[in-house]
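Take a look at the structure below.
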Amino acid sequence: MNKQHTYLTTVEWTGNNGSGTSNYRDFERSHVVSVTNKPDILCSSDPAFRGDANKYNPEEMLVSSLSSCHMLWYLHLCSEAKVVVVAYVDNATGVMEETSSGSGHFREVSLNPVVTVKDASMVEKAQTLHEKANDYCFIAKSVNFEVKHQATCKVLGH
């Protein structure tokens, strides 16, 4: 039997300036994402859609979720393979297309992890584990667009 996991979040709109959604330009897109016993995340829409550039938007959160999930699987797999990772940073990029109807969809997300391993003998295995991490990533397996990865591997002290 497969295990099932349930995730509970609360999204609360905080952008009512007094007249609700009576006019498209009269309300903010601000909202708060909450999870019990965790810090709130202040969000808005993308500035292209009248959002607050100082707050996270759903599109950034999706790209971050893909990057985070890949990293966590990758670190897990490296640990099992005795590849000692000492640093990891990913500057991920998502490309979303807006359609003429105003709707849109993501076309792709590119993960660009830069991984530092403890020893040069670990580089080859470290590189190959990205593909396996992509195959295991819960979030990547749940989206209907391509998740690419262009990984770079460095050796500590070099």
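Go through segment 137-156 and give me each residue that's part of a helix (DSSP H, G or I) and surrounded by fewer than 16 Cβ atoms within 10 Å (Cβ to Cβ).
LYS141, SER142
With SER67, SER44 as the choices, which residue is closer than 22 Å to VAL89 by Cα and out of contact with any helix residue (DSSP H, G or I) (no Cβ under 9 Å at 6 or more places or on another chain)?
The conditions single out SER67.
For LYS125, are the conditions met, namely being on the phi < 0 side of the Ramachandran plot, assigned to a strand (DSSP E or B) and at pLDDT 95 or above?
Judged against the criteria, LYS125 is not a match.
Can you list the strands (runs of 3 or more DSSP E) found entirely within segment 34-112 that contain at least 2 residues being in contact with a strand residue (DSSP E or B) (Cβ under 7 Å, 6 or more places away or on another chain) and either among the β-branched types (Val, Ile, Thr) or loosely packed, with under 14 Cβ neighbours inside 10 Å (or both)?
Strands (runs of 3 or more DSSP E) meeting the threshold: 85-90, 93-98, 104-111.
The values are calculated or read from the model by the stated rules, or taken from the named source; none is laboratory data. Here the structure is a predicted model, which is why all the values come from computation and not from measurement. Note that each Cβ is placed from the backbone with ideal geometry, even for glycine, and that neighbours are counted across all protein chains shown.
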